[in-house]
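One structure is given below, encoded as structure tokens.
The values are calculated or read from the model by the stated rules, or taken from the named source; none is laboratory data. Since the structure is predicted, the reported quantities are computational estimates derived from the model, not experimental observations. Heads up, the Cβs are rebuilt from the backbone with ideal geometry, glycines too, and the neighbour counts pull from every protein chain shown. Heads up: the accessible areas ignore ligands, DNA and RNA and are worked out on the full protein's heavy atoms, side chains in. Shrake-Rupley method; radii C 1.70, N 1.55, O 1.52, S 1.80 Å.
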Number of protein chains: 2
Amino acid sequence: MRETVDFLLLYWLGIPELVDRSRFSEHSLGSFGQALDTCEQIAREKFRPFNRLVDAEEPRIEGDSMVHPEATREAWDAYAASGLLAASQDYEDGGMQLPFVVETAGNAFFLKGSVGLCTGPSTAGVARVITAHGSARQKLAFSTHLLTGKFAGTLCLGEPQADAGWGDIETRAWPDGDGHGADPLGARHRLLGLKTWVCAGDHELNDNIVHLVLAKIPGADGRTGPGAKDVSLFVVPKKLIGPDGQPSGERNDVVLDGLAHKCGWRGTTTARLHLGDGRHLPHGKPGAVGYLVGEAGHGLAYVSQMLREARIGAGLAAAMLGMAGFEASLAYARVACQGLHARAPGRPDWTPQVPLIELADVKRMLLAQKAYSEGALALQLRCARLIDDVGTGAPATAREARALLEVLVPVAKSWPGEWCLEANSLAIQVFGSAGYTREFPVEQHWRDNRLNMIHHGTHGAHGLELLGDKVLMDDGDCLTVLLDHMERTAVRALDHPGLRGHSADLAHAAGQLRGATRASWSTGEPDETLANATPYLQAVGHVVLAWIWLDVLCCVEENAADLSPEFIGGKRSCARYFFRFELPKIGAWLGVVTERESVCRLMRNDWY
Amino acid sequence: MRETVDFLLLYWLGIPELVDRSRFSEHSLGSFGQALDTCEQIAREKFRPFNRLVDAEEPRIEGDSMVHPEATREAWDAYAASGLLAASQDYEDGGMQLPFVVETAGNAFFLKGSVGLCTGPSTAGVARVITAHGSARQKLAFSTHLLTGKFAGTLCLGEPQADAGWGDIETRAWPDGDGHGADPLGARHRLLGLKTWVCAGDHELNDNIVHLVLAKIPGADGRTGPGAKDVSLFVVPKKLIGPDGQPSGERNDVVLDGLAHKCGWRGTTTARLHLGDGRHLPHGKPGAVGYLVGEAGHGLAYVSQMLREARIGAGLAAAMLGMAGFEASLAYARVACQGLHARAPGRPDWTPQVPLIELADVKRMLLAQKAYSEGALALQLRCARLIDDVGTGAPATAREARALLEVLVPVAKSWPGEWCLEANSLAIQVFGSAGYTREFPVEQHWRDNRLNMIHHGTHGAHGLELLGDKVLMDDGDCLTVLLDHMERTAVRALDHPGLRGHSADLAHAAGQLRGATRASWSTGEPDETLANATPYLQAVGHVVLAWIWLDVLCCVEENAADLSPEFIGGKRSCARYFFRFELPKIGAWLGVVTERESVCRLMRNDWY
């Protein structure tokens, strides 16, 4: 994988250009490479060897404590030591001012090593929110220690009745007495509520846990405003902070209320947390102590950037699970003989067995995995690079990057969750019966990956967002920017005689997408359009990936002199696989979109 | 589900006709219904409530014993008490002479209740092999007790180096001394070998275990013939049979050598068995004692009928896992509010939450599950009915049934394993985060179902068999019979104005299939053709299911007066869903088949 990452960064994503930007001027290609070397090594030594262990020895509650395997703490410490928690933060905040795309590439190695052990990125995200929107004292008391890994961070967003609709949040925050506004850590509130699906919600791996909590502040009449625009953001430490700015040892009233027993991704606990449980009385009073971040009512705005990055992170996790399964099944196919996989008819059953990798159908399953997971990796890195452009690009570049991200992020979040899960299923299939056992790693990749279609917004939610919102934004400008990029790639491909067929296919697919989008909205009835938002999301995803593959392949052809024939052969085959086997699938998805097919939305409850 | 099963049997599959056949003349629709009532009740009381338990408390080895939850024994006893082990056997052998299609429908309820507890069908299959091909004494000593559930049966086919290619079998059987041919239980041999993936391979749930073992008998020169045609079949009891025909208590040398720790389907152990391990010396001599069944060298022929039934059984298991997930997610969607599933854009986030089932995308996910699992159930029952026709139909009927089965069984085995697995994934998705936890049943269905694409022949193997063998057989006659049936259904549908679009779509799809089959073989180079055998299998599967759905729907329309509007509405919607969302997918699969796309088969090892 490293060879592909290096190629994508250096050639395809033009990382050398970034060094010219003032924010990154103290960096060099060498320092980027060293950062990746470190990540790769730590992932190999501290993550991957313990991936099965943390699945088998699922963290559990014993008395008042969470018990993790020792490997979990060691992985955390090693991740913190890599510096990646502070990678893209400012120097003055203790950060490394690395481009986000380099941080993302670094995280790819950890995620491939063990997705369940890779809780660092969400702590880094919490730190970024506090850095960006918190007060100087909040940064000092919380961010500083998050960036070194002394504290861990969590996001407490969902609730039993509000898994994703933040307007439905029922956690309440009341001003904590008369002097509450004068607390140096920020306006002090008392919180009551139940937060669900909190990743790494409670443990003893760190000196403290910093919870970022969404809650509503009731007005003088005791009522809250409607919907998400009344949601505020609070920082709620597990242990209270003393006057010296250090954890005082006194427990805040944030109580672990139970764990989800997941199908996979078991190395990371998923907790239900009770705020204001009553088990603790911080400062002698009931309710969990929380400090307002920024201004009241801006909670969602403050976390939106982080949620966008988390979506790219979820897509990256899915891509890396796909890559891990690909690498495992490839290694197996090179040494194992055919066993479960039948000889082709006409090949006598007493002829010698051949290695799996010589069977055409196994080649297909390996090539599909490579095309899915390398394509998804390229897409995530592209998105990360666009985030760098938003932050440090020239105004026109930043504006275009922002528009592209609007339509790409729903795809970057969703597509790998669906297709790299399929890659993991193919990895099992390459192994045959052996792949279905816990004696090999691929069934765990598959279980782990199933989460990615659910968390950080379901497929359905991203489909609604894409077709119901993003493609309409700014008079459809975001989609136009994307389609223009596809057209540019199609034109660029015409320079390479071998890519002309792909060029025509991409141009045709982009046209189908444009037409289907228009047709789907032609009646102006959102219910008719949005009933097929998920097939639309699937189709956009496949067209985007075809674009990514053709764009990558153009770059390969243009730099062929620097690349090995094997590398070139692999990339050409992936692109061809994608254009021949995958892209034609969009016909079925766009068909129902175009026709505003109604069979699902008209289905009646009593007909099932 | 019962309403659908009854409809399929009574109306669509013409079960009333079967009562007119002499073999079933003592039966009536009432006795069939009672048999199903019994199965449904036992499955509800003894299987379904323990499905999670047998997943969590995976059977394990303690000392010399296998430890199962008590529920496993109770489920076995209840299954045996249902009489289903002997359902389709002759009266004179202690059977019930039920049609195979009724037995299959009965098993559907058990499989839906708990696939891991449902080991009865394979014991019934072992009994059928011995009844059909064994001697009278073998029937008495083994089949009789298998049919009552006193003994359990296993199939010992695969080996570490021969998971599916029976020609690669290395288990050897040597004649056991001079008088070996005079043993009343059959020609006595001593077996040495290692058998893998033996379902329910060892346990203490029954008085004895009857292993059916494939092995080769070396000639006088110590060598065996090449390939599968030299394979013989042996019956190898776990405990030896005494002169009185009862288990003597002395252990045969069949030793449990380890268990596979599976991703799912954990209620049933998957064992590695060592024949001639040396731990036991039956009758004072080394080697496992086994008795030849029928004639040497006919082993594969003797098990082929049972393997065909087992393939239909595997498809049925996949279908019933799909159905179980559908029912669970439907029940959840009716009571749970939207939670994780976002409101559509334009619907303010303070509007009240609605039950999941009112969301268009949830409706889609439920309808897809219903279309997949009910369609697969119909296909399996159709195949079972064809097996009844082979056995008891008039000569022309039997001949046609045999031809149809040749091409349908690879689909019946494969299609549900792929698409009812997808149904299970959609069930998880309907639940959202909750579906990813072991607190709800759907993640287990999904894990359990992943086995079905692997065992009883992989997807790849069935694709090779279908495109490389079945469609060529008898000058393509089997495929022609299938396509003729599709055409007849398309014509029949023309009588119903609402079905004309479906009729045209099916006729067109059948034509595409015929054309792609011809194009794929047009160069006469098997390597070129068979490189895309799996996409071909996928396409045939989707066309077959479209045919099944249209045929079922014609029958619904023709009997609408007897059916409820809800039932009719559900079936119409399923068919429409299938024709609009699913059937168009064949374009992408048949494209590579038609073009004999070469990217996979030309992929080189060092390009990955």
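Remarks
- Here residue B:490 clears all of (1) more than 9 Å from every other protein chain (Cβ to nearest Cβ); (2) surrounded by 24 or more Cβ atoms within 10 Å (Cβ to Cβ); (3) farther than 18 Å from residue A:584 by Cβ; (4) under 27 Å from the mean Cα position of the chain (by Cα) except the condition numbered (4).
- Number of residues in the range A:515-535 that are touching a Leu at 6+ places or on another chain (Cβ under 7 Å) and surrounded by fewer than 17 Cβ atoms within 10 Å (Cβ to Cβ): the value is 0.
- Of all residues in the range B:469-487, exactly one satisfies the criterion of being open to solvent by less than 60 Å² (accessible area, probe 1.4 Å) and either outside the structural domain of residue B:538 (by TED's automatic domain parsing) or outside any helix (DSSP H, G or I) (or both), namely B:471.
- Subset of the range B:179-197 (residues that are touching a Leu at 6+ places or on another chain (Cβ under 6 Å) and either of a type in the set (Ser, Thr, Tyr) or at pLDDT below 95 (or both)): none
- Out of B:566, B:597, sole residue that is at pLDDT 95 or above, part of a helix (DSSP H, G or I) and either over 20 Å from residue B:380 (Cβ atoms) or open to solvent by less than 10 Å² (accessible area, probe 1.4 Å) (or both): B:566
- When A:550, A:590 are checked against the criterion of being at pLDDT 95 or above, open to solvent by less than 40 Å² (accessible area, probe 1.4 Å), more than 11 Å from every other protein chain (Cβ to nearest Cβ) and assigned to a helix (DSSP H, G or I), A:550 stands alone in meeting it.
- Residue within the range B:101-118 that is more than 30 Å from residue B:553 (Cα to Cα), among the small types (Gly, Ala, Ser) and touching a helix residue (DSSP H, G or I) at 6+ places or on another chain (Cβ under 7 Å) present: yes
- Checklist (1) out of contact with any Asp or Glu (no Cβ under 8 Å at 6 or more places or on another chain); (2) over 21 Å from residue A:537 (Cβ atoms) applied to residue A:432, failing item: (1)
Listed here are the residues, each with its yes/no results for (1) at the interface with chain B (Cβ under 7 Å from one of its Cβ atoms); (2) outside any loop (DSSP other than H, G, I, E, B); (3) open to solvent by less than 10 Å² (accessible area, probe 1.4 Å).
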position: A:424; (1), (2), (3): no, yes, yes
position: A:427; (1), (2), (3): no, yes, yes
position: A:435; (1), (2), (3): no, yes, yes
position: A:445; (1), (2), (3): no, yes, no
position: A:448; (1), (2), (3): no, yes, yes
position: A:452; (1), (2), (3): no, yes, yes
position: A:456; (1), (2), (3): no, no, no
position: A:461; (1), (2), (3): yes, yes, no
position: A:467; (1), (2), (3): no, yes, yes
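- Taking the range A:207-262 and the strands (runs of 3 or more DSSP E) fully enclosed by it, the elements with 3 or more residues that are under 24 Å from the mean Cα position of the chain (by Cα) are at A:208-216, A:231-237.
- Total residues in the range A:346-394 satisfying the condition of being modelled with pLDDT under 95, more than 9 Å from every other protein chain (Cβ to nearest Cβ) and either in a loop (DSSP other than H, G, I, E, B) or within 19 Å of the chain's Cα centre (by Cα) (or both): the figure is 2.
- Flag for residue B:410 being assigned to a helix (DSSP H, G or I), within 13 Å of chain A (Cβ to nearest Cβ) and not polar (S, T, N, Q): yes
- Sole residue being within 24 Å of residue B:451 (Cβ to Cβ) and open to solvent by 10 Å² or more (accessible area, probe 1.4 Å), chosen from B:259, B:273, B:281, B:292: B:259
- Residue check for residue A:141: away from chain B (no Cβ under 14 Å), touching a residue at least 24 places away in the same chain (Cβ under 8 Å) and closer than 30 Å to residue B:429 by Cβ: no
- Inclusion of residue A:226 among residues that are open to solvent by 10 Å² or more (accessible area, probe 1.4 Å) and touching a helix residue (DSSP H, G or I) at 6+ places or on another chain (Cβ under 8 Å) is warranted.
- Test: residue in the range A:221-241 that is more than 30 Å from residue A:67 (Cβ to Cβ), away from every other protein chain (no Cβ under 14 Å) and at pLDDT below 95: yes
- First in the range A:68-91 and closer than 30 Å to residue A:388 by Cβ, second anywhere and in a helix (DSSP H, G or I) and of a type in the set (Asp, Glu), Cβ under 8 Å, 6 or more apart: A:78/A:45; A:84/A:103; A:86/A:93; A:87/A:103; A:88/A:103
- Only one of the listed residues (A:510, A:575, A:539, A:519) is more than 9 Å from chain B (Cβ to nearest Cβ), out of contact with any Ser or Thr (no Cβ under 9 Å at 6 or more places or on another chain) and more than 20 Å from residue A:414 (Cβ to Cβ). That residue is A:575.
- Residue B:439, sole failed condition from (1) part of a helix (DSSP H, G or I); (2) farther than 13 Å from residue B:315 by Cα; (3) among the charged types (D, E, K, R): (1)
- Of residues in the range B:326-337 being more than 7 Å from chain A (Cβ to nearest Cβ) and open to solvent by less than 20 Å² (accessible area, probe 1.4 Å), the one nearest to residue A:168 (Cα to Cα): B:336
- Enumeration of residues in the range A:493-504 that are surrounded by 19 or more Cβ atoms within 10 Å (Cβ to Cβ) and not small (Gly, Ala, Ser): A:499, A:502
- Qualifying residue in the range B:391-406 (condition: more than 23 Å from residue A:263 (Cβ to Cβ), among the hydroxyl-bearing types (Ser, Thr, Tyr), surrounded by 22 or more Cβ atoms within 10 Å (Cβ to Cβ) and touching a residue at least 12 places away in the same chain (Cβ under 8 Å)): no
- Pair list, Cβ under 7 Å, 6 or more apart: the range A:226-245 residue assigned by TED's automatic domain parsing to the domain that holds residue A:214 and under 14 Å from residue A:138 (Cβ atoms), other residue of a type in the set (Ser, Thr, Tyr) and open to solvent by less than 10 Å² (accessible area, probe 1.4 Å): A:234/A:291; A:235/A:291
- Filter result for the condition that a residue is crowded, with 21+ Cβ neighbours inside 10 Å and part of a helix (DSSP H, G or I), over A:144, A:154, A:123: A:123
- Residues located in the range A:303-340, provided they are without any contact (Cβ under 8 Å) to a residue 24 or more places away in the chain and under 30 Å from residue A:231 (Cβ atoms): A:304
- Residue check, residue B:171 β-branched (Val, Ile, Thr), open to solvent by less than 40 Å² (accessible area, probe 1.4 Å), outside the structural domain of residue B:390 (by TED's automatic domain parsing) and in contact with a helix residue (DSSP H, G or I) (Cβ under 7 Å, 6 or more places away or on another chain): no
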